[in-house]
Amino acid sequence: MKSTISVAVKYGVFTAVTLIAYFLILKLCDLHNNPWFRLFNGLIVAYGVYAAIKYYKLTSGTAFNYTNGFKAGLLTGFFATFLFTLFMAIYLFHLDVDFKNNLLKDWFQDYNQGGGILIFIILIEGLSSSAILALAFMQLFKNSKNLNPK
């Protein structure tokens, strides 16, 4: 049986690498300024959380319970979010400052906020969607306690 941490790290790193690759592909196609393409990030995280819970359930067998399955999904999303947020912080503040300034100009022109607000938004979006996705997917994977009708 795999531990929830080992499953979460494995799938969290996979999810973060997929998110980073997707962003860089958008950058190469010059589509990274379009906020509608960010919706696909949610699908990537959803698949990562789903796959982690599914793998954990398969490797746990009869020892699988709701708490550990939820923990595997939640930690997967958290690891992916922290790694992607770290990448975006490096990208926004060191590699492509013009991108950060373009986003701030268009989105936050009336609020006079610094670039940290972008990192905060990425972090909060990722953490909250990870929690919601883990809860939702555990409804599919939880062991039922319903009695069989006779």
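The values are calculated or read from the model by the stated rules, or taken from the named source; none is laboratory data. All values derive from a computational prediction rather than experimental measurement. Cβ atoms come from the backbone with ideal geometry, glycine included; neighbour counts cover every protein chain shown. Protein only, heavy atoms only, side chains kept; ligands, DNA and RNA dropped before computing areas. Shrake-Rupley method; radii C 1.70, N 1.55, O 1.52, S 1.80 Å.
Yes/no matrix, rows are residues, columns are (1) touching a Ser or Thr at 6+ places or on another chain (Cβ under 8 Å); (2) modelled with pLDDT of 90 or more; (3) in a helix (DSSP H, G or I):
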residue: A21; (1), (2), (3): no, yes, yes
residue: H32; (1), (2), (3): no, no, no
residue: K71; (1), (2), (3): yes, yes, yes
residue: L75; (1), (2), (3): yes, yes, yes
- Message: Please verify whether V13 is in a helix (DSSP H, G or I), open to solvent by less than 40 Å² (accessible area, probe 1.4 Å) and closer than 22 Å to L135 by Cα, treating the condition exactly as stated.
- Response: no
- Report whether or not F78 is open to solvent by 50 Å² or more (accessible area, probe 1.4 Å), without any contact (Cβ under 8 Å) to a residue 24 or more places away in the chain and under 16 Å from the mean Cα position of the chain (by Cα). no
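For residues in region 119-133 being under 11 Å from G73 (Cβ atoms) and small (G, A, S), which is surrounded by the fewest Cβ atoms within 10 Å (Cβ to Cβ)? Walk me through how you get there before you give the answer.
First, pick out the residues of region 119-133 that are under 11 Å from G73 (Cβ atoms): 130-133.
Filter once more, so that each one left must be small (G, A, S): 130-131.
Working: S130: 25, A131: 16.
Ranking the qualifying residues of region 119-133, first place goes to A131.
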- Item | Residues within region 87-102 that are loosely packed, with under 14 Cβ neighbours inside 10 Å and either of a type in the set (K, R) or under 12 Å from G116 (Cα atoms) (or both), tallied | 2
- Task: With the condition kept exactly as written, say whether any residue in region 39-59 is open to solvent by 60 Å² or more (accessible area, probe 1.4 Å) and at positive phi.
- Result: no
- Item | Matching entry among I5, I25 (being in contact (Cβ under 8 Å) with a residue 40 or more places away in the chain and open to solvent by 60 Å² or more (accessible area, probe 1.4 Å)) | I5
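Yes or no: I117 modelled with pLDDT under 90 and within 18 Å of T15 (Cα to Cα)?
Details: modelled with pLDDT under 90: yes; within 18 Å of T15 (Cα to Cα): no.
The answer is no for I117.
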- Task: Would you mind telling me which numbered condition in (1) among the aromatic types (F, W, Y); (2) modelled with pLDDT under 90; (3) surrounded by 16 or more Cβ atoms within 10 Å (Cβ to Cβ) W36 fails?
- Result: (3)
